[in-house]
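*Asks:* I'd like to ask you about the structure that follows.
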Amino acid sequence: MRSPAAPDVLADLAVPTVLRDVVLQRLSSLDDPAQEILGAAAVIGMTPDDRVLAEVSDRSPPEVARALARAQAVGLLHEEDGRCRFRHALARQIVYESVAVSGRRWLHLRTARALESGGGPRPVARLAHHFLHAGRTSDFVGNAEAAADTALSHGDDATAARFLLRALEVGELSRDVRVRLAVKLARSAVDGLAHAEAVPILERLLATEPLPAPLRGELRFALGRLLRQHGQARAGYLQIERAVEDLGERPALLGRALAVLAAPETVVDRHVSEHAARCDQAERAAHRSGDPDVAIAVRITRASLLLEQGDPESWRLIDALLADDRLRASPREHARACLNWAQGALHAGRLDRAETLLAEGRRVADEAEYLRVAEVVSLVTAAVDRAAGRWDGLEERLRRLGDTSATFAAASLDSMLLRGAVLAATGPAEQAVEVLREVIAIAGRTGAVWPLIPAETTLSRLLLSLDDAPGAAEHATAALDLARAKGNWVWAAESVSCLVDALGGRGGADVVAELRAGLGVADAPLAQAALLTAEAAIAPADDAGRLLDEARILLRKAGLRYEEALAGERLGRWHCERGSGDGGALLEEALRAYGAMGADRDIARICRVMRQNGVPIPYPWRGGRPSHGGTLSSREREVALLAAAGKTNQEIADALFLSRRTVESHIANALRKLGLASRKELRTFPVD
C-alpha cells in the first residue's frame with residue numbers, strides 16, 4: 001500500500017539485479033544483531049534517529065552504535081551532518097525488503113509508538129505512514145487527517161488532498177468520519193489539483209449518504225467546481241445550481257456559489273441577464289454573511305461579467321479592487337482574479353490591460369508559490385504572445401500545454417483553441433482544421449461556451465481562406481447563434497464578419513445592424529474592428545475604404561499585430577482592385593508582418609494577391625537566410641511534386657525518408673513561395 005508521506009515511500013523504485021546482489025552480499029557480511037538493527041533502520045527512514053532506532057530494535061545505544069559503524073564500514077551507510085544515513089534510497093529499499101513482511105509490520109508499529117513517545121510536535125505525517133504499514137487503519141486515518149489539517153494550515157492543498165484521498169480508501173470508516181474527510185477533501189482538492197481522484201468520491205457520497213442540506217450543498221458546490229476544472233463545464237454548472245438550493249443557511253458559501261454561476265464564459269444555455277441576476281443574488285448573500293472575503297469574490301465576478309461584455313465600467317471596478325488591501329491580503333484570490341481578467345481583456349482585444357494583469361497575476365502567484373495556477377499562467381502568457389504577434393516557438397508551447405496529460409482540462413482545451421488559431425495562419429491547414437474540429441467537439445459535448453464560440457469562428461475564417469464559403473457560413477452561423485443566445489455581442493462580432501464574407505456581402509445587412517445595436521460603445525477593439533469590417537463589406541464603395549482603414553487603425557492602436565496585418569491586407573486588396581497606388585504599400589506591410597510571425601499560409605495568400613495585382617514581392621522580407629528567395633529548393637520541389645500527385649504527408653515522408661514534420665515544413669515553404677493558399681492548388685500549378 002502506498003503512503004502519502006512521499007519521502008518515506010519505497011514503492012515504485014526499480015532495483016537493478018546487480019545492485020541488489022551487491023547490497024545483499026554486504027548485508028550478509030554483518031552479524032545477526034547488526035542485520036536486525038539495520039532492518040529496523042530501513043523501516044524508520046533514510047536517516048534513522050538513534051533514540052528511535054534503539055527503542056524500535058530493543059537494543060542498547062552502544063549496540064546500535066556498533067551496528068551502524070559496521071554497516072558504514074561495508075558501505076551500506078555513510079555519515080551526513082553527523083548522522084548515519086543510507087547511501088541511497090535503493091540500498092534502503094533492498095534492506096527493507098530483506099525483512100520478513102510480518103517483521104516489517106511489527107517494526108512499523110514499534111516505530112510509530114516510539115515517535116509518539118518523543119518530545120516536540122507530533123509528527124503526524126510520519127505516524128500516518130508507519131500506522132498504515134503496520135495495518136492499524138484507525139490510527140492511520142486519525143494521523144492522516146491531522147497531517148492534512150497541518151498541510152491546509154500552511155496552504156499546501158496538494159499534500160492535504162493526498163492524505164485525505166488515502167484515508168478515504170480505508171473501507172471500514174464510519175459514516176461520520178467518511179463525511180468529515182470528504183468535506184475536507186472537497187475544500188482541498190480544488191486547489192490541490194486532485195480533481196480526477198476526488199470527483200468519484202464526492203459523487204458516491206452524495207448518491208449514497210443522507211446528508212443534511214447545508215453539508216450536501218457544500219459538497220455539491222465543491223463537486224461542481226472540480227467538474228468545471230476537470231473540463232466538464234455543464235455538469236459542474238448544474239451541480240452548483242443544485243448546491244444553491246441547499247445553502248440558504250450558509251450565506252458565505254451561498255455567495256461564493258452564486259458568484260461562480262455569474263461567470264458568463266461557463267455554459268452555453270444561460271443568458272448574460274441570468275448571470276447578472278446571479279451576481280445580484282451573490283451580492284445580497286455576501287452582505288448577509290458579513291464576510292469581507294466573500295464580498296471581494298463577488299466584486300471580482302461582477303468586474304469579470306462586465307469585462308466580457310466590453311462594459312467600460314469593468315475597468316473602474318478592476319482598478320478599485322487592485323488597490324484594495326483586502327484583495328492583496330489574499331494572494332490566491334488576487335492571482336486568480338488577475339489571470340481571469342487578463343483572459344477577459346484578451347477576449348475584448350485590450351492587449352495593454354491583459355499584459356499588465358498577467359504580469360501582476362504571475363508575480364503574486366510566484367510569491368505565494370501558488371502552483372495550482374501554473375498552467376493557467378502559461379496559457380495566458382501564450383494567449384498574450386499570440387495577440388501581440390510574438391509567435392516564435394508558440395505552436396510547440398501550445399502543443400505541450402494542450403497535451404492530454406495536462407492537469408487542468410479546462411486550460412488544456414483553451415490551449416488547443418490557441419494552437420488551432422496559430423496553425424490556421426502558419427499551416428498546415430489540414431492540421432488546423434483537425435485541431436479546431438476537436439475543440440468544437442469537446443466544447444460542444446461538455447457545454448463550454450468558451451472556447452466553443454471562438455473555435456467555430458476561427459474555423460469559419462480558415463474555411464474562407466480555403467474557398468469553402470458554405471462551410472464558413474455554417475460555422476459562422478453556429479458561432480453567431482451561440483453568442484446571440486448568450487446575449488453577448490462582443491463574442492458575436494467576428495462571426496458576423498465571417499458570415500458577411502461567406503455570403504459575399506449579400507443579405508448581411510440585417511445581421512450587421514443587429515451587431516451594431518448590440519455592441520454599442522463597448523470597449524472592445526476586436527469586436528469594434530470586426531463590426532467596421534462587416535460594415536465595409538456591405539457599404540457603398542466610397543465608404544468601404546474608410547471603414548476598412550478605421551478598423552486597421554483601431555487594431556494597430558490595440559497592438560493586435562496579426563489582426564492588424566489581416567486588416568491591412570484587406571484594405572490593400574480593396575485599393576488594388578480600384579487601381580489605387582496605396583494598395584501595394586499596404587500589402588507589402590502586411591506581408592512583412594506575416595513574415596515576422598511566420599504565418600506561412602497568410603504569406604502564400606498575400607503573395608498570390610500581390611502577383612495578381614502586379615505588386616512586386618520583396619525578398620527576403622522577414623530577415624534571416626533568404627531560403628532560395630521565391631524559388632523552390634530541390635527538396636521543396638520534390639516534396640511539392642509528390643503532394644501535387646495526391647500523396648499524403650506520411651506517404652511523402654516514407655518515400656523520401658523524412659520526418660512528417662519536415663514534410664509539413666517543405667510544403668508550407670512551397671505554398672508560400674508559389675503564392676498558393678492550399679495544397680489542392682499544387683495539382684494545377686506548374687511547380688517545375
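The values are calculated or read from the model by the stated rules, or taken from the named source; none is laboratory data. Worth saying up front: this structure is predicted, and the values here are computed from it rather than measured. Note that we place each Cβ from the backbone using ideal geometry, even for glycine, and neighbour counts take in every protein chain shown. Areas reflect the complete protein model, heavy atoms only, side chains present, ligands, DNA and RNA absent. Shrake-Rupley method; radii C 1.70, N 1.55, O 1.52, S 1.80 Å.
*Asks:* Need one value: the accessible area of Arg552 in square angstrom, 1.4 angstrom probe, rounded to the nearest 10.
*Replies:* We get 40 Å² for Arg552.
*Asks:* Which value, to two decimals, describes the C-alpha radius of gyration of segment 124-174 once divided by 2.2 N^0.38 Å?
*Replies:* That works out to 1.04 for segment 124-174.
*Asks:* Please state, to two decimals, what the Cα-based radius of gyration of segment 1-158 comes to when divided by 2.2 N^0.38 Å (N = residues).
*Replies:* In units of the globular-protein estimate, segment 1-158 measures up at 1.04.
*Asks:* Trypsin sites (Lys or Arg not before Pro), restricted to segment 267-361: which are DSSP loop and have at most 15 other Cβ atoms within 10 Å?
*Replies:* none
*Asks:* Per the Kirkwood treatment, what hydrodynamic radius in Å, one decimal, follows for segment 125-281 from the mean inverse distance over all distinct Cα pairs?
*Replies:* Value: 16.3 Å, from the Cα pair sum.
*Asks:* Sticking with this one: In angstroms, what radius of gyration and Dmax does segment 175-227 have, counting Cα atoms only?
*Replies:* Over segment 175-227's Cα set, Rg and Dmax evaluate to 9.8, 27 Å.
*Asks:* Which log10 I(q)/I(0) values does segment 228-357 give at q = 0.10, 0.15, 0.20 Å⁻¹ under the Debye formula, counting every alpha carbon as one identical point scatterer?
*Replies:* For the requested q values the scattering log ratios are -0.30, -0.69, -1.23.
*Asks:* Where Rh denotes the Kirkwood radius from the mean inverse Cα pair distance, what is Rg over Rh for segment 234-307?
*Replies:* 0.95
*Asks:* I would also like to ask the following. State, to one decimal in nm², a quarter of the convex hull surface area for the C-alpha atoms of segment 297-450, i.e. the direction-averaged projected area.
*Replies:* If I average the Cα hull's projected area over directions, I get 9.2 nm².
*Asks:* Another question, then. For segment 486-623, what is the per residue volume of the convex hull drawn over the alpha-carbon atoms, in cubic angstrom?
*Replies:* Each residue corresponds to 115 Å³ of Cα convex hull volume.
*Asks:* Taking Rh as the Kirkwood radius, which is the inverse of the mean 1/r over Cα pairs, what is the Rg/Rh value for segment 336-383?
*Replies:* 0.95
*Asks:* Now for a separate question. Over 27 Å apart: what share of the alpha carbon pairs of segment 425-547 falls there, rounded to a whole percent?
*Replies:* 16 percent
*Asks:* Do the sum for the chain: with -39,500 (n - 2.57) for every DSSP H run of n ≥ 4, divided by all residues, what is the mean residue ellipticity at 222 nm, to the nearest 500 deg cm²/dmol?
*Replies:* Dividing the helical sum by the residues of the chain leaves -23500 deg cm²/dmol.
*Asks:* Test of the criteria: in segment 348-422, which GluC sites (Glu not before Pro) are in a DSSP loop and have at most 13 other Cβ atoms within 10 angstrom of their Cβ?
*Replies:* Those satisfying the criteria are Glu369.
*Asks:* For segment 268-316, what percent of Cα pairs sit more than 14 Å apart?
*Replies:* Cα-Cα pairs in segment 268-316 separated by more than 14 Å: 53 percent.
*Asks:* Given the convex hull of the Cα atoms of segment 202-279, what is a quarter of its surface area in nm²?
*Replies:* Average projection, Cα convex hull of segment 202-279: 4.8 nm².
*Asks:* Moving on to the next point. Can you give me the long-range amide H partners of Val267? Hydrogens built in the peptide plane at 1.01 Å from N, cutoff under 5 Å, separation of 5 or more residues or another chain.
*Replies:* Val449
*Asks:* Also, quick follow-up: Return a whole-number percent for the relative contact order of the chain, with Cα pairs under 8 Å and 6 or more residues apart as the contact set.
*Replies:* About 7 percent, as a whole number.
*Asks:* Determine the principal axes of the Cα atoms in the chain, then give the extent along each, sorted from largest to smallest and rounded to whole angstroms.
*Replies:* 101, 68, 42
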